[in-house]
Every structure is written in structure tokens, then in C-alpha cells.
Amino acid sequence: MTDSNAALVLGASGGLAQAIIAELSADPEIETVIAVSRKPAPGSASVPDPAANAASTTNALMWIETEYAEPAMAAVVEQLQPFAGRITRVVICHGILHSDTLWPEKRLEDINADSLQTVFQANTVVPVLWLKLLHRVLKGQQRCVVAALSARVGSIGDNHLGGWYAYRSSKASLNMLLRTLAIEYARRVKNVKMISFHPGTTDTALSKPFQASVPADKLFTPEFVAERLCGIMTDAEIDGQLSYLDWDNKAIAW
Ligand SMILES: NC(=O)c1ccc[n+]([C@@H]2O[C@H](COP(=O)([O-])OP(=O)(O)OC[C@H]3O[C@@H](n4cnc5c(N)ncnc54)[C@H](OP(=O)(O)O)[C@@H]3O)[C@@H](O)[C@H]2O)c1
């Protein structure tokens, strides 16, 4: 197994992540898909233990359960050492827009410190911590493409509607962190290309409450988006830059 190429999907239980795992699992150039999640593998009877990382391997899928505090994340990266230099794809899928206790803001009065911190932690802090911790494992001779699922609403230039303060700004901040990381990776981990990816509105739990106003042909299936993303990652040039791209491989204004 240690001679084979691997793909890493972080935040693996979500709607887009599951479709991306399926797409990567069908790629003949990738022998192992490593999925990392707060949750147990789908269909697994194991009880999540937030204090420990439990790993299980089934055929080409290796599922690692973890919490997203830095020491636990570092322990996950330690488990990836056998794959050092052989991880050719990384997809970072973390993102929240709403939950039982938070909702995207419509107006100034909705802005709330706890909600801002919760959304920034999941959408911005967790992705950047992964890229801090992963650099030694990703470094190697093979090309490695890293895509973080961002969003077009994170574009400052494209913000004409306002609202959604926490989500918008967490994704804008993610983009800036990725751009800054890409500059340092270009010096230290030259085999990596970074992409900040907008999937388009996709039929998952995240977009469910907001789908009514989306025309049917603009609401994508996770499978369609996963195929697009994996194609873009396969074709991406290793140029030491961060690209901010949509599902159609078109550049988005910063
Ligand atoms: N669906 C859309 O229309 C749409 C549009 C634009 C951008 N996006 C972006 O695409 C990505 C995937 O979204 P999705 O549509 O697949 O949504 P989803 O089904 O709700 O999945 C959410 C993902 O976020 C992770 N997550 C949830 N709460 C978290 C927390 N507190 N801390 C860290 N991670 C947490 C989950 O990882 P675990 O496996 O660890 O639970 C899961 O993979 C997100 O970044 C989202 O912003 C989606």
C-alpha cells in the first residue's frame, strides 16, 4: 500500500465530500482514498470517540475519525506518514452556513460574536491548520493538487448583495490564507498546486434551506460537481499559484 498513490479528503461526511470520495475511488491512478471526519465511516457501527483517532481500512478506503483540535489533527497527519510523497490529491471540504443555533445574517442586528467564531473556526481555521500540518507529508517528486471548497460569495469584488456576513467573510479570509500559503508552499513544497474552488449551488444539507429560489438547472448534483472538480485537479498546472475557480473551470474575481 505504501507504494501507491493516495488521495485525501478532509471533512469527509458531507454531501460534496462523499461524491468526491466516490469519484476519486474510481480513478485508476489512485489506489487509496483516505477520508478524515468527525463522524464514523458511513455504515460503520463504531461509536465515535472524540478523544482518540480511530482508523479503519476497507479496500481502497481508509477512514480516520478525529476531532478538529490541532493536537488531534497532528495525530492524523502522523498516521499519514506511510503515504508521504504519494498523496496526489487533497480536497478540503469543511464548511458550515447554518446549524441548529446559527443562521446566515440578513441585517446588522443579526451579527453575533459566537456565530462569527463558530463559522470562522469550521470554514477558515480548520482548513488552514490542515495545510500547516500537512506540508511535510505532501512534499515529494509527484505533482499534488490541493483544492479547498470555498464559495463565490467569498469574492470581495463580486459582493453586490451583502448579507451572510459570517459565511462570506470566512470564505474571503480562507482565500487570503490560501493565497499566503501558496506563496510559502511555492518555496517549500514546490510539487503542490492550490485551488480555491466554488462548486456552484449543490444539492446538499448545507444548501437545502436556500434551494427554493435556485432554478432547477442551476442546482447541481454532488456527483456532477465531484466529476468537474476531479477533472480540474487532473489538468491543473503546478505553477506555485492559488487559482480561484468555479465548477466550470472559470476564474472568479478576488
Ligand atoms: N452545497 C453548496 O451549495 C455549496 C456552495 C458553495 C460552497 N460550498 C462549500 O462546499 C463545502 C462542502 O459543503 P457541502 O455542501 O458538502 O455541505 P455539508 O454536506 O453540510 O458538509 C459539511 C462539511 O463540513 C464539515 N463540518 C461541519 N461542521 C464542521 C465543524 N464544526 N468543524 C469542521 N468541519 C465541519 C463536515 O465534515 P465532517 O465529516 O467532519 O463532519 C462536512 O464535510 C463547504 O466548504 C461549503 O461551504 C457548498
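Per-structure values
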read-out: Failed item in (1) closer than 22 Å to Ser4 by Cβ; (2) more than 19 Å from the chain's Cα centre (by Cα), with Asp100 passing the rest; value: (1)
read-out: The listed residue being buried (at least 19 other Cβ atoms within 10 Å of the Cβ), within 19 Å of Trp247 (Cα to Cα) and either within 20 Å of the chain's Cα centre (by Cα) or modelled with pLDDT of 95 or more (or both), out of Ala166, Ala182, Ala151; value: Ala151
read-out: So Gly95, is it under 30 Å from Lys190 (Cβ atoms), over 20 Å from the mean Cα position of the chain (by Cα) and not polar (S, T, N, Q); value: no
read-out: Hits in the range 232-248 - residues which are surrounded by fewer than 15 Cβ atoms within 10 Å (Cβ to Cβ) and more than 19 Å from Leu181 (Cβ to Cβ); value: Thr234, Asp235, Asp248
read-out: Checking Ser213 against (1) without any contact (Cβ under 8 Å) to a residue 40 or more places away in the chain; (2) in a helix (DSSP H, G or I), the condition it does not meet; value: (2)
read-out: Matching option when the condition is at pLDDT below 95, within 20 Å of Gln142 (Cβ to Cβ) and surrounded by 14 or more Cβ atoms within 10 Å (Cβ to Cβ), among Ala60, Ala54; value: Ala60
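Conditions (1) modelled with pLDDT under 95; (2) part of a strand (DSSP E or B), marked per residue:
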| position | (1), (2) |
| --- | --- |
| Asp217 | yes, no |
| Glu223 | no, no |
| Ala226 | no, no |
| Gly231 | no, no |
| Thr234 | no, no |
| Asp239 | no, no |
| Leu245 | no, yes |
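The values are calculated or read from the model by the stated rules, or taken from the named source; none is laboratory data. Since the model is a prediction, treat every value here as computed from it, not as a measurement. With ideal geometry, Cβ positions are generated from the backbone for all residues, glycine too; neighbour counts draw on all protein chains shown.
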